[in-house]
1. Suppose we filter the range 223-237 for residues that are in a loop (DSSP other than H, G, I, E, B) and β-branched (Val, Ile, Thr); how many remain?
2. Kindly indicate the residue of the range 174-184 that is farther than 13 Å from ALA154 by Cβ and either under 13 Å from the mean Cα position of the chain (by Cα) or among the hydroxyl-bearing types (Ser, Thr, Tyr) (or both) and also surrounded by the fewest Cβ atoms within 10 Å (Cβ to Cβ) among those meeting that condition.
3. Only residues that are assigned to a loop (DSSP other than H, G, I, E, B), in contact (Cβ under 8 Å) with a residue 60 or more places away in the chain and in contact with a Ser or Thr (Cβ under 8 Å, 6 or more places away or on another chain): list them for the range 238-268, please.
4. Filter the helices (runs of 4 or more DSSP H) completely within the range 101-205 down to those with at least 2 residues that are touching a residue at least 60 places away in the same chain (Cβ under 8 Å) and either more than 19 Å from CYS2 (Cβ to Cβ) or in contact with a Leu (Cβ under 6 Å, 6 or more places away or on another chain) (or both).
5. Being at pLDDT below 95 and within 25 Å of PHE139 (Cα to Cα) narrows it down to one of LEU88, LEU68, so name that one.
6. What's the total number of residues in the range 82-100 that are part of a strand (DSSP E or B) and buried (at least 19 other Cβ atoms within 10 Å of the Cβ)?
Amino acid sequence: MCRLLGYVTTRPTSVVDVLGPDDFETFTALTEVHSDGWGMAWHRAFGDSTESVSSACNASIDPQYKTLSEQPLGCCGLVHLRWATGGLPVSAENTHPFTDAGYAFAHNGHIAPIAHLEAQLDPASREKLIGDTDSERYFRLIMQCIDEAAGDEADGVTRALEILVREFPNSSLNALLLTPSNLFAIHINSRVDSPVEALREMFESVEAIPASHATEYYAMDYRITDDAVHVISSGVDAEGWTRVPEDAAVMIDLATREVTRLHPVPLA
């Protein structure tokens, strides 16, 4: 369970400038809950290879996070703040984003049982696993399906989501996938409740829980400007954002910023 931020812009932009200093501070303050590591991925320009950095440290006290967030790293990218699912280790191997062949993936949710998720993978995909998380297995399923679709990213992502919705209808599939050509934003979670009990254990009162976490933990918002498309998970609650519809997935073209909704994924 984590926080996500994705962006596609016309020019290299720092993460701080994506949100503005005040909202970026609010986003980073969500490490009060999401303290189990962080990661970023980006393209310096359209057509460039994907670069990424991740750390199992709390972002709010990691100087590398602050340094990178203030740099105009690229024209597109994603940020992930991790809240480790109970029982899964806080380690470099389990820290998002997961990357391979120019793709970077970050997930907000939990897909269980993990053994059944791993069973959806072919032997070649299972051999590439290095960590313990359901999120990495989710990523490997997407990569496997894109390969089966002869490299068609939209078809591959849709195939993977169809499998996951069928096999795990009560799981949050919220995720960002940065590819050589697109940023995919996935918001599929309508059967999942906010983790209220886990949050209450961390705070003295419901009022102390960060904004929207107790009621709309899995919500995602977006905004489209003249030169950018942004998507963010709940917790910042700033003006100018629009709620992403339930159970939707979109593909944002990195070159044109055109937003295409994927074929609807019906819930079982």
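1. Of the residues in the range 223-237, the ones in a loop (DSSP other than H, G, I, E, B) are 225-227, 234-237.
With the extra rule that they be β-branched (Val, Ile, Thr), the set shrinks to 225, 236.
Residues meeting the conditions: 2.
2. Just the residues of the range 174-184 that are farther than 13 Å from ALA154 by Cβ, to begin with: 174-176, 178, 180.
If we keep only those that are either under 13 Å from the mean Cα position of the chain (by Cα) or among the hydroxyl-bearing types (Ser, Thr, Tyr) (or both) as well, we get 174-176, 178.
Details: ASN174: 25, ALA175: 29, LEU176: 28, LEU178: 28.
Out of the qualifying residues, it is ASN174.
3. Within the range 238-268, the first condition is being assigned to a loop (DSSP other than H, G, I, E, B), and the residues that meet it are 238-241, 244-247, 254-258, 262-268.
Next, only the ones that are in contact (Cβ under 8 Å) with a residue 60 or more places away in the chain stay: 238, 247, 254-255, 257, 262-263, 265-268.
Within the range 238-268, ALA238, ASP247, LEU254, ALA255, ARG257, LEU262, HIS263, VAL265, LEU267 qualify.
4. On the way: elements: 114-118, 123-127, 134-148, 153-167, 196-200.
Correct list: 153-167.
5. LEU88
6. Residues in the range 82-100 being part of a strand (DSSP E or B) and buried (at least 19 other Cβ atoms within 10 Å of the Cβ): 2 in total.
The rows are residues; the columns are (1) assigned to a strand (DSSP E or B); (2) hydroxyl-bearing (Ser, Thr, Tyr); (3) surrounded by fewer than 17 Cβ atoms within 10 Å (Cβ to Cβ).
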| site | (1), (2), (3) |
| --- | --- |
| VAL16 | no, no, no |
| ASP22 | no, no, yes |
| THR28 | no, yes, no |
| THR31 | no, yes, no |
| ASP36 | no, no, no |
| GLY39 | yes, no, no |
| SER54 | yes, yes, no |
| LYS66 | no, no, yes |
| HIS80 | yes, no, no |
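The values are calculated or read from the model by the stated rules, or taken from the named source; none is laboratory data. No experiment lies behind these values; they were computed from the predicted model shown. Reconstructed Cβ throughout: ideal geometry from the backbone, glycine too, with neighbour counts over all protein chains shown.
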